[in-house]
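A.B. asks: Structure provided below as structure tokens; questions to follow.
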Amino acid sequence: MPSHRSYNYHPSFAIWDASMKYPFKHYVMPDCDRMTIIGLFPSLSRYVTKAVEYFGDSNSQILVNEQGLLYPEIVAALKAAVVEKRPVMLLGASFSCVHLFDYLAQHHCQFRLPAGSRVFDTGGFKGQSRTVAQQDLLTAIADKLGISRDYYLNMYGMTEICSQCYDQNLQNIASKQPVKYRKQAPAWVRVQILDPDRLTPVPFGQTGLVAYYDLANWNSCVGILTEDLGIADETGFEILGRVSGAAAKGCSISIDQLVAAQTHKE
Amino acid sequence: MATETPLDIFFAPEGTTFSQFKVLPVVADGKTYQLRYPLVTAEELTALITQLHQAQAEVLAPLSVTALVAKLGQAVAYWTDPSYPLRQLAERLLPAITGYNAETVRLELKRFVRVFRKKELQRFLETELDQPAILDDFHPQKSGQLTRTYGPETAFQVFSGNIPGLQIWSLVMTTLVKASTLGKTSLSEPLFPVLFIRSLVQVDPRLAACFAILPWKGGTKSLETVAARQTEATIVYGSDQAATSIGQLVPLDHRFLHYGHKISFAMIGREALTSDHYLTTIKQVADDITIYDQQSCLSAQTIVVEAGGAVTPLMVAQLLAAELENAQLKRPRAQLTQAEAAALIRFRSENDLAALADSQLKVFASKQSTAWTVVYHGQPGFAGSPLNRTVHIFQIPHLEQAPTYLTAYRPYLQSCGLAVGPERLLRLAARLGQVGVGRICALGEMTRAQAGWHHDGQFNLLDLLRFVDIEHQAELAAEPFDPDVE
Amino acid sequence: MLLKQKVALVTGSGRGIGAAIATQFAQEGAIVIVNFLQHRERAEATVKRIREAGGTAIALQADVTQADEVKQLIKQIWAEFSGLDIVVNNALTHYRFDPKQRELLTTIPWQSYQTQLNGSLGGAYNVCHAALPVMMTQGSGRIINIASNLVQFPVIPYHDYITAKAALIGYTRSLASEAGAYGILANAIAPGLTYPTDSSRATPEDTREAIIKLTPTKRLTVPDDVAGCATFLASDLCRNLTGQCLNVDGGLVMS
């Protein structure tokens, strides 16, 4: 399938900003008001910019440009944080985190970041099973940055909608609840896991397609049926990755191949 | 507790040893079958192929083609008997393994085996060889020479798992040319070829040494390298990617045949849509889509419908939708994987969205599930479908215009179910042949290729054979050396 | 609810049997189009009753004997509701069931037959002709034609009326036999003498008593009896049943 870039047009940013700010505070910064944020991705730039604006201290910076991650600057920023005993938040796309850890491994860099430091990522891992990739990432975070599983969290969001969902572990810790890792949605968002064949809700514990209802998206489309596979229980939900392209079982040519054949012809 | 029945879903000559096995439980009719297959290693495979070579020389090579036809025909004859225990086992297990409707499996299996009855085997042979006896001996040709032909000693066959039983098409062909077989099955249907070989062994126990059928994960280089190098012919059913990856492993001087992914379609002329014919026509189209949920490359993905009949192309779409809804009651579609279902949901959403902007586009879809989908296009065209009872209908003013829309798909075109009057049949067939179609068939029969069909436009037997000629001069030159010559 | 979100057109439903059907359909969750010819106030009253009970209905005027008006009606329904699931052909040219005034074979003019045919059969034809393409696109639909048990048992031979209703039953059957392939079911209901309605008000006491005497349930049919049967035929309780004519007459006719 040809790749498709998504846009979402907002008549005003007031609701977008509000829907970003409060869940971010609740799930990402439940224990402090501002900290050093190191931004590693440019793509959802409004998100990162607003995160820094609302929650970053004066040391916060976005260390990525068109060429990619600014590795030496990132290393310098981390070093400074260690020296000054200032907790930092690394905020990036999952794959940029992977690149960063590759770099740190290559250059034999290892940090013990100050208590309260956290890694916050979003997005998935192309071509790899999510659970395996996430496990590798967690190992690297502990090994290279000295950050435990409890201080890693992942956000689920997309261009087509306004509001984001977050892992709840930091919120659990701050409110002295048993730590759970599944995602929670803000009050104005509902996530339903649907049977892909019937598009009806499945019971807890069964996998299905994620349907995302976001009232903050009032101006375009409140409900979105994604192609993400998810699973939910009473504590929240978890994203298992993208539903894989349905490979034809047999000798019938797949629709993708046909599309490819025709575009080639044209 | 239900009883557990062990069942081997592989076949190997007696004396073969495997170090490791895996077991796959399948529940059919309340009974759990433990399907067992070996996790074969490259060394074990090498040993197997050596055995197959030896058996070919000892058992298959000395058999006359007439004897082989008789033995294969006898094995097939067993399968035409509804009380044959292996047939009953297949009828019980295949729906559970594949998810296909049990009645479809029962009906289609018996229809399929009939393609290989003794008289049909002769049809296969004599369609391609004027003198099948040249498989046994040198025989004089009209040109003067003496000719004999040899098949490969051992053939490595990569079967697909989409359609139950389909594997025996190539299995029977290679056996007719006296090749022993190393068959790699797919776990989505590993059973039928194994059962068929068991029938053949029932006819002649010596044949057991000539077949090894077993599954492994497609793309396992270590195994496929051994299989491709140590056999004389490799036959692959599957995607272009699969074929390319195995093809690279086949030495240049070995035979390599590939039956790739294909697309089939139907064309309905206005003469098949008169008020007395249209209902039959619709029923036949629905059958072509329902049988094995379009997983066969012979199933229609697009229906091109000519305007000007008593029912319009749009009405054909509506009637087909209603017929597919009925089919869901009669022969429900297989349960889909999440990925397959999501592909159908995506296909529907894309077309629903497109329909908002195009009043000529209409989506008819089952309401409770993804059971069936018909997308009607008000203009001529051609498109692939995500299968599982999903079909496009394109309206066209004149069927004669259809080939224009097919050219982009040339490498993939295969069967065309064609419903037109006799005077248009040959004319349209010629045009379709020109753009790459390899089989013109009746509606309702699309999924059932007949004996002697040029499989994907190729030969069934000839492509496996190499020919040896004794020139007439050599024959004459030999004469003087006869001590008794005058 | 048996007809949740179904769009139903009931012709001639300002009063009598039609009004009872419209009301019951609405109770079962249908969106009801109350079609009328002349008496807007009665149709509006039916709609009002339905709405007060929490149902959804609108009144739309159309003369079902006029193809153009019917086409317009169906177009309007499509524009408003994007569908049409149920059609009840109930409208008829006004008829007085008065045994004392009925015309005899020797005097009845062809025009009387023609008028009844136009009303019963012509109206049903016009409505079905316009509604079928919509139902075919939906892949489903229910057509219910209101006939009469007099066709089977002409207790009193109202020649023109009975002939037209017999034609309507024939039409129902042949329609059912072709429309079935599109997932559309067509059936008829043959009520017995339904009392009280405008048409039957003229039927005198002694005739009514005579009919009751012959009727196993010992009563006449009321509009709600017919409505119940129509609701069944329109609902998903009724599946794979088509081309039938159900007698709702207390068992007076058994077939």
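The values are calculated or read from the model by the stated rules, or taken from the named source; none is laboratory data. Please read these numbers as outputs of a predicted model, since none were measured by experiment. As a convention, Cβ positions derive from the backbone with ideal geometry for all residues, glycine included, and neighbour counts pool all protein chains shown.
A.B. asks: Quick one: count up the residues across segment B:271-283 that are more than 12 Å from chain C (Cβ to nearest Cβ) and buried (at least 20 other Cβ atoms within 10 Å of the Cβ).
C.D. replies: Going through segment B:271-283 one residue at a time, the tally reaches 2.
A.B. asks: Could you please tell me which pairs satisfy a Cβ distance under 8 Å, a separation of 6+ or placement on different chains, a first residue in segment B:400-429 that is under 18 Å from B:I263 (Cβ atoms), and a second residue that is of a type in the set (A, V, I, L, M, F, W, C) and exposed (fewer than 14 other Cβ atoms within 10 Å of the Cβ)?
C.D. replies: Partner pairs satisfying both residue conditions: B:G417/B:A442; B:L418/B:A442.
A.B. asks: Follow-up. Got at least one residue in segment C:44-59 being among the basic types (K, R), surrounded by fewer than 23 Cβ atoms within 10 Å (Cβ to Cβ) and farther than 16 Å from C:E80 by Cβ?
C.D. replies: yes
A.B. asks: So if I check each of B:Q335, B:Q360, B:Q284, which one is polar (S, T, N, Q) and either touching a strand residue (DSSP E or B) at 6+ places or on another chain (Cβ under 7 Å) or without any contact (Cβ under 8 Å) to a residue 60 or more places away in the chain (or both)?
C.D. replies: None of the others qualify; the one that does is B:Q360.
A.B. asks: What's the total number of residues in segment B:267-316 that are assigned to a loop (DSSP other than H, G, I, E, B), under 21 Å from C:M135 (Cα atoms) and among the hydroxyl-bearing types (S, T, Y)?
C.D. replies: Qualifying residue count for the region: 2.
A.B. asks: So, one more: I'd like the residue in segment C:117-165 that is small (G, A, S), over 30 Å from B:A322 (Cα atoms) and assigned to a helix (DSSP H, G or I) and, out of all such residues, is farthest from the chain's Cα centre (by Cα).
C.D. replies: So the residue we want is C:A164.
A.B. asks: Looking only at segment B:124-142, which residues are surrounded by 15 or more Cβ atoms within 10 Å (Cβ to Cβ) and assigned to a helix (DSSP H, G or I)?
C.D. replies: The answer is B:F124, B:L125, B:T127, B:E128, B:P132, B:A133, B:I134, B:L135.
A.B. asks: Quick one: what pairs do we get from segment A:7-35, first residue closer than 18 Å to A:I161 by Cβ, second surrounded by 14 or more Cβ atoms within 10 Å (Cβ to Cβ) and among the acidic types (D, E), C-beta under 9 Å, 6+ apart or different chains?
C.D. replies: Matching pairs, first to second residue: A:Y7/A:E160; A:N8/A:E160; A:S19/A:D214; A:Y27/A:D167.
A.B. asks: In this structure, is C:T93 modelled with pLDDT of 95 or more, out of contact with any strand residue (DSSP E or B) (no Cβ under 9 Å at 6 or more places or on another chain) and of a type in the set (V, I, T)?
C.D. replies: No: the conditions fail for C:T93.
A.B. asks: Tell me, which strands (runs of 3 or more DSSP E) wholly within segment B:152-252 include 1 or more residues that are within 14 Å of chain A (Cβ to nearest Cβ)?
C.D. replies: On the way: elements: B:154-158, B:180-185, B:211-215, B:233-237.
Hits in segment B:152-252: B:154-158, B:180-185, B:233-237.
A.B. asks: Does segment B:405-412 include one or more residues that are among the small types (G, A, S), within 11 Å of another protein chain (Cβ to nearest Cβ) and in contact with a strand residue (DSSP E or B) (Cβ under 6 Å, 6 or more places away or on another chain)?
C.D. replies: Among the residues of segment B:405-412, not one is among the small types (G, A, S), within 11 Å of another protein chain (Cβ to nearest Cβ) and in contact with a strand residue (DSSP E or B) (Cβ under 6 Å, 6 or more places away or on another chain), which makes the answer no.
A.B. asks: Within segment A:103-110, is there a residue that is part of a helix (DSSP H, G or I), buried (at least 18 other Cβ atoms within 10 Å of the Cβ) and without any contact (Cβ under 8 Å) to a residue 12 or more places away in the chain?
C.D. replies: Scanning segment A:103-110, I find no residue that is part of a helix (DSSP H, G or I), buried (at least 18 other Cβ atoms within 10 Å of the Cβ) and without any contact (Cβ under 8 Å) to a residue 12 or more places away in the chain, so the answer is no.
A.B. asks: Answer with yes or no whether A:N154 is crowded, with 21+ Cβ neighbours inside 10 Å and modelled with pLDDT under 95.
C.D. replies: yes
A.B. asks: Taking only segment B:388-401 into account, find how many residues are of a type outside the set (S, T, N, Q), away from chain A (no Cβ under 14 Å) and in contact with a helix residue (DSSP H, G or I) (Cβ under 8 Å, 6 or more places away or on another chain).
C.D. replies: Adding up the residues that qualify gives 5.
A.B. asks: Can you tell me how many residues in segment A:182-204 are assigned to a loop (DSSP other than H, G, I, E, B), touching a strand residue (DSSP E or B) at 6+ places or on another chain (Cβ under 6 Å) and over 14 Å from A:L225 (Cα atoms)?
C.D. replies: 4
A.B. asks: Oh, and also: How many residues are exposed (fewer than 14 other Cβ atoms within 10 Å of the Cβ), within 12 Å of chain A (Cβ to nearest Cβ) and not in a helix (DSSP H, G or I) if we restrict to segment B:345-387?
C.D. replies: Of the residues in segment B:345-387, 2 are exposed (fewer than 14 other Cβ atoms within 10 Å of the Cβ), within 12 Å of chain A (Cβ to nearest Cβ) and not in a helix (DSSP H, G or I).
A.B. asks: Which residue, of C:Y113, C:Y158, is touching a residue at least 24 places away in the same chain (Cβ under 8 Å) and in contact with a Phe, Trp or Tyr (Cβ under 8 Å, 6 or more places away or on another chain)?
C.D. replies: C:Y158
A.B. asks: Could you tell me whether segment A:6-16 includes any residue that is at pLDDT below 95, closer than 30 Å to B:G384 by Cβ, of a type outside the set (V, I, T) and not in a helix (DSSP H, G or I)?
C.D. replies: yes
A.B. asks: Next question. Among B:I268, B:I263, B:I303, which is the only one that is under 17 Å from B:I440 (Cβ atoms), in contact with a helix residue (DSSP H, G or I) (Cβ under 8 Å, 6 or more places away or on another chain) and at pLDDT below 95?
C.D. replies: Values: B:I268 fails: at pLDDT below 95; B:I303 fails: at pLDDT below 95.
Going through B:I268, B:I263, B:I303 in turn, the sole match is B:I263.
A.B. asks: I've got another one for you. Given the criteria away from every other protein chain (no Cβ under 11 Å) and at pLDDT 55 or above, does A:D228 qualify?
C.D. replies: No; evaluated as a whole, the condition is false for this residue.
A.B. asks: Restricting attention to strands (runs of 3 or more DSSP E) lying wholly within segment B:1-93, give those where 2 or more residues are closer than 25 Å to B:T234 by Cα and under 27 Å from the mean Cα position of the chain (by Cα).
C.D. replies: Strands (runs of 3 or more DSSP E) meeting the threshold: B:31-38.
A.B. asks: Please state which one of C:A147, C:A124, C:A179, C:A190 is in contact with a strand residue (DSSP E or B) (Cβ under 7 Å, 6 or more places away or on another chain) and within 14 Å of another protein chain (Cβ to nearest Cβ).
C.D. replies: It is C:A179.
A.B. asks: Shifting gears a bit: Out of the residues in segment B:316-336 that are within 7 Å of another protein chain (Cβ to nearest Cβ) and either surrounded by fewer than 24 Cβ atoms within 10 Å (Cβ to Cβ) or of a type outside the set (A, V, I, L, M, F, W, C) (or both), which is nearest to B:Y405 (Cα to Cα)? I'd like the intermediate steps shown before the answer.
C.D. replies: First pass over segment B:316-336, keeping only residues within 7 Å of another protein chain (Cβ to nearest Cβ): B:318-319, B:321-322, B:325, B:336.
From the residues that got through so far, the ones that are either surrounded by fewer than 24 Cβ atoms within 10 Å (Cβ to Cβ) or of a type outside the set (A, V, I, L, M, F, W, C) (or both) too are B:318, B:322, B:325, B:336.
Numbers: B:Q318: 23, B:A322: 28, B:E325: 29, B:L336: 31 Å.
Applying the filter and picking the extreme gives B:Q318.
A.B. asks: Sticking with this structure for a sec: Can you give me the ranges of the strands (runs of 3 or more DSSP E) entirely in segment B:404-486 with at least 2 residues that are buried (at least 16 other Cβ atoms within 10 Å of the Cβ)?
C.D. replies: Output list reads B:413-419, B:439-441.
A.B. asks: Does B:E128 satisfy the criteria of being farther than 15 Å from B:T66 by Cα and touching a residue at least 40 places away in the same chain (Cβ under 8 Å)?
C.D. replies: yes
A.B. asks: Can you tell me which residues in segment A:231-266 are within 11 Å of another protein chain (Cβ to nearest Cβ), crowded, with 20+ Cβ neighbours inside 10 Å and either farther than 21 Å from B:Q241 by Cα or modelled with pLDDT of 85 or more (or both)?
C.D. replies: The answer is A:V243, and nothing else.
A.B. asks: Also, quick follow-up: Looking at B:A307, B:A342, which is the one that is among the aliphatic types (A, V, I, L, M) and away from chain A (no Cβ under 14 Å)?
C.D. replies: Only one candidate passes the filter, namely B:A307.
Residue by residue, here is whether (1) without any contact (Cβ under 8 Å) to a residue 60 or more places away in the chain; (2) under 31 Å from the mean Cα position of the chain (by Cα); (3) closer than 18 Å to B:T280 by Cα holds:
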| residue | (1), (2), (3) |
| --- | --- |
| B:Q301 | no, yes, no |
| B:V304 | no, yes, yes |
| B:L314 | no, no, yes |
| B:F347 | yes, yes, no |
| B:D352 | yes, no, no |
